[in-house]
Number of protein chains: 4
Amino acid sequence: MVKPVCLVIGAGAGIGGHVGARFARAGYHAVLCRRSDQAGLDRLVSDIEKEGGSASGFLLNAIEDGAIEERAAAIEAEIGPIEAVVFNLGAQIGDRALADTSAKAFEVGWRLATFALFRTATSIFPAMEARGSGTLLVTSATAAVRGNAGQHSHAAAMGGRRMLCQTLNAEFSPKGIHVAHILIDGAVDAPDTLGKMLGPERFQQLREARGLENDGLLVPAEVAETYFHVAQQHRSAWTHELDLRAFSDRPWWNH
Amino acid sequence: MVKPVCLVIGAGAGIGGHVGARFARAGYHAVLCRRSDQAGLDRLVSDIEKEGGSASGFLLNAIEDGAIEERAAAIEAEIGPIEAVVFNLGAQIGDRALADTSAKAFEVGWRLATFALFRTATSIFPAMEARGSGTLLVTSATAAVRGNAGQHSHAAAMGGRRMLCQTLNAEFSPKGIHVAHILIDGAVDAPDTLGKMLGPERFQQLREARGLENDGLLVPAEVAETYFHVAQQHRSAWTHELDLRAFSDRPWWNH
Amino acid sequence: MVKPVCLVIGAGAGIGGHVGARFARAGYHAVLCRRSDQAGLDRLVSDIEKEGGSASGFLLNAIEDGAIEERAAAIEAEIGPIEAVVFNLGAQIGDRALADTSAKAFEVGWRLATFALFRTATSIFPAMEARGSGTLLVTSATAAVRGNAGQHSHAAAMGGRRMLCQTLNAEFSPKGIHVAHILIDGAVDAPDTLGKMLGPERFQQLREARGLENDGLLVPAEVAETYFHVAQQHRSAWTHELDLRAFSDRPWWNH
Amino acid sequence: MVKPVCLVIGAGAGIGGHVGARFARAGYHAVLCRRSDQAGLDRLVSDIEKEGGSASGFLLNAIEDGAIEERAAAIEAEIGPIEAVVFNLGAQIGDRALADTSAKAFEVGWRLATFALFRTATSIFPAMEARGSGTLLVTSATAAVRGNAGQHSHAAAMGGRRMLCQTLNAEFSPKGIHVAHILIDGAVDAPDTLGKMLGPERFQQLREARGLENDGLLVPAEVAETYFHVAQQHRSAWTHELDLRAFSDRPWWNH
C-alpha cells in the first residue's frame, strides 16, 4: 500500500527534520528536501529508517526555476500523494542596516520566504484539491508580525508569507485544504541554523544560559508534536494561526 | 493515588463538557461547574463515569462573590491538585444597539468574561506556582479581537479577557504556568448555548445548512482534542494564542 | 451665538488640558473636567481665557453613579451642543504582581477605563445622533494592544476600551459620529500624571535623559494638534485608529 | 530660494495627485511621477501651477532597474531637497484564483508594492539622514493586514510593504525620518484607478449608490489633508500607522 507523503521543504536538523520524523512515526513517508549537505540529509533519512519509518531525501534549491515544481510532480508520480507539506524555509540573514542590505539580498529573501511558498502551493494544491484534502504547515517567524530594525529583507518577506497564508486559506480551506501559519517566536535549539549563525561556542553559551533543563530554547522534537497535531485536526476545528515559544521566553509583544 | 484535577468553569454540553471528558479519558479527575441545570450537570458526570473516567459536578454562580474562590479551595483540599483549568464562561447576549444595552448588562458581561477570569487566576495560580506547573485554557471569542456593531458588552468584556490572558502569561509563564487564549472563531454545535439562543428549529436549520457531514459548525469533541493537546505541550514549545474554526467557515478577518 | 462645546473628561496639565486649549483656539467652548485639584482646573480655564478663548471647568468623579450623565445633560442644557468629546481618563496604577492586584483595584481600572467610556457614549451619543454629527476622541494606551507583566488591571481595562471603541464606531459611524482610538505609545511630558507617578526629581531626570530638545517625550501641545486634526477630518476620510510616539522612542512592537 | 520637494511616486488623479497639490499649496515643489499618460500628468502639473504652486512631472516606470534611483538623484541635484516622499504605487490586480495567478503577476506585485518601496528608501534616505529630517508617507491597503480570497499577489506584496514600513521606521525614526503607513480601507473616488477598473458606467453607479453627498467613497482631496497633517507632525508626536475610510463604510475588521 502506498503511504501518504509528508513533504518537508527545508529539512535540517531543527524543526524540519523533526517534523518529518514525527510524521514518519505516524505512518507517513517523509520526503526531506534541503539545499545542501547530502551527508546531513542522508543521516536524517537513515535515522527515520532506523526507527522503522520510511523516508527519502533530495537536495533542492528552492529558488531555482522549476525546482519545487518538478520535485512535487516527481513525488506524486513516483512516491505517493502528498498529504502534508511542511514549508520550513527560513530567510533570516541577521540584522543589517538598510545601507548594508543589497537589492539582491532583499530579493533573495522574498524568493525564499514568499515566492517559494506561492510556487509550492501552485504546484501541490491542484492534486490536494482533486483529492479534497491536504495540509500545508508553514513555519513562520516573529518578523511576519513586526519589523525590527535591521530586518528589512526578512520582515518584508515574512510579512508577505503571512498574508499569502491567509489568501491561500481563504481560497482553499472550503476545498478541504488546511493551511496553518505557525509563528516560531523564539530561538530554536537547532544546530544547522542557529548553531551555524552563532558558531559552536556562542550557541552552547546561549543553550546553557537559557538552559535550566535544556528547554529554554524551542526544542524541535517538541515543536514537531504541535505541527503533527495541527495536521491531524478534524476539519470542523482547524487552527489557522498559532504561536510557539519556550515558557521562559518573552512573547514578541511584551517589552 | 490522587488524580490531577481538570477544573472546567462553564461546563455545558458544548466545549466545556467535552473538554472535561477528554481530560477524564486521559486520567484526570474532571470537576465540572456550571451555573444551573443540575440534571444536565449530573448527566455530564455520569457520562464520564460510564466511560470509566472520574468526575464531579458543582453548580457555581461565577459572578457571586467568593464562589470561584471557595470552590477552588475546596477542590484543592478535598479532591486533588488543580493541574488544568478550562475557563469557558461565555458572555454573548446577542446584538444590541447601544441604547438597548443597559449599564447592568454591560457590567455583567465584564463580571463574567473578564473579572471572573481574574478571580480564577488569583484563586488558583498560587498553588500552581508552588507546584511549578499548571495550565489555564481560556475559551475566547472573535469579539476579543474585533468589535462588531451591537457587541458593546461582549466585545469590551472579551477584549479585556484577551489582554488579561497576556498579562497572566507574562507573569506566570516563567513560573511554569501555561496560559492559552483559544479564539473560537465560529458557531459551535452546542445545544446548551447556540441551541438555546436560536431555539430548536432554527438551530437544526443552521446545522443542516452548514451540515455537509455534520462538520460545518465547530464540533465540540474535536475542539476538545486541541484543548487537550495545548495542555500537554512541552514547556519548551508553548502556544499562547490560537484560533479554531470549521473548514467551511470564513475567518473573521476575511470579508 | 452659541459656541460648539468640546468636552474633555480627564483634563490635567497633559494631553487633556492641551487638547481643550487647542479646540478653544479654534472657536469651541472647552469644558474641562477632572477629579480633583480645583486650583489646577481654574488655572487651565483662565489660561484659555487669557488667550481669548472660552472655557468652563468642573470637578467630576467619573466613577460616581450619574456623574458623567448629569454633567453631560447640564452642558447640553446650559452651555451648548457637545460636538467633540475627548475621553482622556487614564487607569495606569504601575506594575503590580497578580498577588498585589486587589479585586478592588482591578474593578476600579475597569470603571475608569472601560465603563466610564460606555457611560459617556450612552449619555452623549443620542444628542449627537439627533444632530447627525459629533466626534469622540479616545486617548488609549499601549496596554490596549499588549498585556505586559504587572499590568493586569490596566491592560484588561484598556483592552476593553479598544474593543468598545470599535463597537461604537461600527454602530455610530454611519450615523455621522466619528470615534477615534488614539494609542499613546510612550511617556507623555505631563506633570500631573507622569510627574506625580515618578516624583519631581525622577521626572526631571527622565525628561533630561530623553531630552535632546525637550521632545524626547510626547509633548502634549503637539499631541493636541493631531487630536484636533482628527476631529476636523471630513467624513469621507475618517481615521479610527492611530498611534503617537516620540521619534526617539521605540514602538511597542519592536523589542 | 530653493523650495523643499514633495516627491509623489504614483501620481494619478486620485490620492497621489491630490497629495502633491496639497503640499504645493503649502509651499513645496511637487514632483509628480507616474508610469504613463503624459497628458494626464501635464494636466496635474498645470492645475498646480494655475493655483500658484510649483510642480514638475515625470513619467517613471518604477519597476525598471535604476528608474527610481536616477529620478531621485536628479531631483536632489536639479530641483531641491526631497523633504517628503509619497509612495503611492498600487498593485491591485483584482481577485484571481491561485490557478489564475501567474508567477509573473505574483512577482510584479512584489516589484511594485514592496521592492520599489525598498529602492525608494535606499535612494532617498541617505540624503534625508544627512539633513536629519524627512518624511515617507506610504499609501497602503487593507490587503496589508488581511488576505482575502483571490488576493494572493496583492496581499503578499502589501503585507511585505507594511513590515518594511516598520523596519524602516525602526531604523530611521531616531535619525529624524518619519515613516507613516497609511491604510486606505475603502474605495477611493479616483477616476484613474477605480474608474478604470470598473469602467465609467459602473464607477458612476457606485458613486451614486454610496453617494449621499459625494462622500460615500474616500474623497482624495480630503485624504490629502491627513497626509499633509502627518507630514507636519512635530517629531515628539509622530504617527506610524493610521487608517482612513468613509464614515458610511465598514472597517475591514467588522463583518
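Here, each number is a calculation from the coordinates, and none is a lab measurement. No experiment lies behind these values; they were computed from the predicted model shown. For neighbour counting, all protein chains shown are included, and Cβ atoms are generated from backbone atoms with ideal geometry for every residue, glycine included.
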* Asked: Could you state the number of Å between the C-alpha centres of region D:100-124 and region D:215-235?
  -> 25
* Can you give the extra length, in nm with one decimal, that the chain gains between A:His234 and A:Ser46 once fully stretched, where that is 0.36 nm per residue apart less the Cα-Cα distance? -> 64.5 nm
* Asked: Where is the GNM fluctuation largest for chain D (alpha-carbon springs, 10 angstrom cutoff): D:Pro126, D:Pro220, D:Pro81?
  -> D:Pro126
* Asked: Straight-line reach from A:Lys196: which aspartates and glutamates have a Cα under 20 Å away, not including same-chain ones fewer than 8 places off?
  -> A:Asp37, A:Asp42, A:Asp95, A:Asp185, A:Glu208, A:Asp215
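GluC sites (Glu not before Pro) within region C:197-255: which are DSSP loop residues with at most 14 other Cβ atoms inside 10 Å?
C:Glu213
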* Asked: Which whole-percent values make up P(r) of region A:176-230 when all C-alpha to C-alpha distances are grouped in 10 Å steps starting at zero?
  -> 22, 46, 23, 7, 2
* Quote the charge dipole size of the protein assembly as shown about the Cα centre in Debye, to the nearest 20; the model charges only the Cβ of Lys and Arg (+1) and of Asp and Glu (-1). => 0
* **Neighbour-count ranking [beta-carbon atoms within 10 angstrom, fewest first] of D:Thr122, A:Thr120, A:Thr139** => D:Thr122, A:Thr120, A:Thr139
* Cα-Cα separations in chain A greater than 33 Å, expressed as whole percent -> 15
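Would you mind classifying the protein assembly as shown by shape? Square roots of the alpha carbon gyration tensor eigenvalues, ordered a ≥ b ≥ c; an a/c under 1.5 is rounded, otherwise it is prolate if a/b is larger than b/c and oblate if not.
Since a/c reaches 1.5 but b/c is at least a/b, the shape of the protein assembly as shown is classed as oblate.
How big is the dipole moment of region B:84-201 about its Cα centre under a simple scheme where the beta carbon of each Lys and Arg is +1, that of each Asp and Glu is -1, and everything else is neutral? Debye, nearest 20, please. Let's see the in-between values first.
Details: 10 positive and 9 negative charges, 74 e Å.
Charge dipole, region B:84-201, about its Cα centre: 360 debye, nearest 20.
Using r as the Cβ-Cβ distance of B:Asp100 and A:Glu208, and R0 as 51 Å, what FRET efficiency do you calculate, to the nearest 0.05?
Numbers: r = 60 Å, r/R0 = 1.18.
My answer for the efficiency is 0.25.
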* Structure fact -> The exposure ranking of D:His152, B:His234, fewest beta-carbon neighbours within 10 Å first, is B:His234, D:His152
* Can you put B:Phe23, A:Phe172, C:Phe106 in order, fewest other beta carbons within 10 Å first? -> A:Phe172, C:Phe106, B:Phe23
* At A:Ala73, label 7 Å along Cα→Cβ: distances to the other copies, nm, ascending? -> 4.3, 7.2, 7.7
* **DSSP-defined beta bridges in the protein assembly as shown - what % are antiparallel, rounded to 5** => 5
* **region D:1-75 and region C:133-187: distance between their alpha carbon centers, rounded to Å** => 37
* Taking the dipole about the Cα centre of region A:5-87, with the C-beta of Lys and Arg at +1 and of Asp and Glu at -1, give me whichever of A:Gly52, A:Val5, A:Gly66 is farthest to the positive side. => A:Gly52
* Asked: What are the lysines whose alpha-carbon lies under 20 Å from the alpha-carbon of D:Lys50, with same-chain residues fewer than 8 places away excluded?
  -> D:Lys3
* Asked: Under a no-solvent Debye model with one identical scatterer per Cα of region B:100-197, what's log10 I(q)/I(0) at q = 0.14, 0.15, 0.20 Å⁻¹?
  -> -0.59, -0.66, -1.02
* Structure fact -> Scalar couplings 3J(HN,Hα) for region C:43-59 by Karplus 6.51 cos²θ - 1.76 cosθ + 1.60 (θ = phi - 60°), nearest whole Hz, x for Gly and Pro, are 5, 4, 5, 6, 4, 5, 5, 4, 7, x, x, 10, 7, 9, x, 9, 6
* To do: Sequence neighbours fewer than 8 away in the same chain don't count; with that in mind, list the lysines whose C-alpha is under 20 Å from A:Lys175.
  => none
* Distances from B:Ala209 to the same position in the other copies: list them in nm, one decimal, shortest first, using label points 7 Å from Cα along Cα→Cβ. => 2.2, 5.6, 5.8
* Structure fact -> The orientation-averaged projected area of the Cα convex hull of region C:1-125, in nm², is 7.9
* Distances from C:Ser46 to the same residue in each other copy, label points 7 Å out along Cα→Cβ, in nm, shortest first? -> 6.1, 7.9, 9.0
